[in-house]
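One structure is given below, encoded as structure tokens.
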Amino acid sequence: MREHLTMMIKPASAACNLACDYCFYLDTARNRSVHHHPVMSDEVADAIIDKSIALSRDLRFVFQGGEPSLAGLPFFERFVSRVEERMGEGRRVSWAFQTNGVGLDRRWAEFFKAHGFLVGISFDGTRRLHDLHRGEGSGRSVLDTIGFFTKEGVDFNILSVVTDDTVDNEKIVYSFLTGHGLHYQQYIPCIDPMQGGERFLSAEGYERFLKAMFDLWFDSFMNQTPVSNRFFDNLVGMIAGYPPESCDMAGICSVHYVAEANGDIYPCDFYCTDGYRLGNILVDGFPTLDERRRGMRFIEESSNTIDGCETCPWKHLCRGGCKRYRNDDGYRFCSTMKGFFPYVIERLHYVAKQITPP
Ligand code: SF4
Ligand code: SF4
């Protein structure tokens, strides 16, 4: 039996109640033969649950989309109750849920609180920036949800997509989030479409963003009001000798299982396309899925072989980025990192020293 298994589940497939112009999953879904599947059936959910419980002692279920809440609260109540019924003594299960935060009311907040979910809420920093890419009025709705979650004591963090519109607005974004008590922040550089198309974030813009955000983050550390920034926290941890917890910073892909609503399994959220389909949970066991991942050399071919990285002074921290952000020219944000690291390296070491036990 394995010690630990994480399953990412997309119960509503790519369906969403927003139409964000930069949505990577809609783009991914459009690059496979069946774009959208109907909401996950009980049969598929039960196969995921039963096979996962049989495979691993501890489990983590992460619900994503599209917008997973479109599967409806009863889907999740049933899912959680079946898992809790079947997990034996001494085994642990944890839950995570990534949502656009639109239309989730107090009942959802109570459910998340009752079962100890960690919820990631997408919010692009301010209402104006949010509405710009996600639709008029969507930011207001997210803030309402954040209000419910705060009131119920739900454990949540904020995920903001960084575009060139965020650049030069770092102070406004940072003040808005911290001013609303949102101290767990993750900023995701907007990803390019799979087959090319409009780019929402330039390498220069991302460098400016990272530098400005780092200044704010470091000041908050020095003022003893630390704010969590997932990227910076990982860099500090890496300098202190820990492996990054974020797979996109490891320089090589790790083992993931992503379940689409029809039970199809893929090796990564970014690669839910026909060529990367590992199998289907209704008919395949984990050994078969693993064998197919090895067969397509998904992990092996992700290790960083970019020209120039071997001799780069920032290789130990950059590692060539996530495979999905690489193209024929190398890592899309290579020049970003070459500008960013010299600007922050001394301060990163300073923070790492402060948090390392003597
Ligand atoms: S492509 Fe990126 S996100 Fe996906 S497994 Fe590899 S490193 Fe992780
Ligand atoms: S900064 Fe560029 S050259 Fe250096 S490790 Fe990163 S991708 Fe490679």
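A few remarks follow.
- Among the residues of region 97-148, those identified as open to solvent by 10 Å² or more (accessible area, probe 1.4 Å), in contact with a strand residue (DSSP E or B) (Cβ under 7 Å, 6 or more places away or on another chain) and small (G, A, S) are G116, S122.
- Test set (1) open to solvent by less than 20 Å² (accessible area, probe 1.4 Å); (2) of a type outside the set (A, V, I, L, M, F, W, C); (3) assigned to a helix (DSSP H, G or I) - H349 fails condition number: (1)
- Filter result for R57 (in contact with a Lys or Arg (Cβ under 6 Å, 6 or more places away or on another chain), over 20 Å from S122 (Cα atoms), open to solvent by 20 Å² or more (accessible area, probe 1.4 Å) and in contact (Cβ under 8 Å) with a residue 24 or more places away in the chain): yes
- Scan of region 277-291 for residues that are in contact with a Gly (Cβ under 8 Å, 6 or more places away or on another chain), assigned to a helix (DSSP H, G or I) and either within 14 Å of M7 (Cβ to Cβ) or open to solvent by 80 Å² or more (accessible area, probe 1.4 Å) (or both), ordered by number: L289
- Filtered residue count, region 325-343, keeping only those that are surrounded by fewer than 20 Cβ atoms within 10 Å (Cβ to Cβ) and either under 16 Å from P244 (Cβ atoms) or among the hydroxyl-bearing types (S, T, Y) (or both): 4
- Selection count where residues are modelled with pLDDT of 95 or more and either under 18 Å from I345 (Cβ atoms) or out of contact with any strand residue (DSSP E or B) (no Cβ under 6 Å at 6 or more places or on another chain) (or both), scope region 194-208: 8
Condition check ((1) under 17 Å from the mean Cα position of the chain (by Cα); (2) within 24 Å of G103 (Cβ to Cβ); (3) at pLDDT below 95; (4) loosely packed, with under 15 Cβ neighbours inside 10 Å) across all residues:
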{"residue": "M1", "(1), (2), (3), (4)": "no, no, yes, yes"}
{"residue": "T6", "(1), (2), (3), (4)": "yes, no, no, no"}
{"residue": "P11", "(1), (2), (3), (4)": "yes, yes, no, no"}
{"residue": "A15", "(1), (2), (3), (4)": "no, yes, no, no"}
{"residue": "R32", "(1), (2), (3), (4)": "no, no, no, no"}
{"residue": "H37", "(1), (2), (3), (4)": "no, yes, no, no"}
{"residue": "A45", "(1), (2), (3), (4)": "no, yes, no, no"}
{"residue": "I48", "(1), (2), (3), (4)": "no, no, no, no"}
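- Odd one out for R294 among (1) within 15 Å of ligand 1 (Cβ to nearest atom); (2) open to solvent by less than 70 Å² (accessible area, probe 1.4 Å); (3) not hydroxyl-bearing (S, T, Y): (2)
- Counted residues, region 247-276 - those being hydrophobic (A, V, I, L, M, F, W, C), touching a helix residue (DSSP H, G or I) at 6+ places or on another chain (Cβ under 6 Å) and open to solvent by less than 50 Å² (accessible area, probe 1.4 Å): 7
- Residue ID - surrounded by the fewest Cβ atoms within 10 Å (Cβ to Cβ), chosen from residues in region 300-324 that are within 16 Å of ligand 1 (Cβ to nearest atom) and hydroxyl-bearing (S, T, Y): T305
The values are calculated or read from the model by the stated rules, or taken from the named source; none is laboratory data. Here the structure is a predicted model, which is why all the values come from computation and not from measurement. Cβ: placed from backbone, ideal geometry, glycine included. Neighbour counts: every protein chain shown. The protein model used for the area step is the full one, side chains on, heavy atoms only, and it has no ligands, DNA or RNA in it. Shrake-Rupley method; radii C 1.70, N 1.55, O 1.52, S 1.80 Å.
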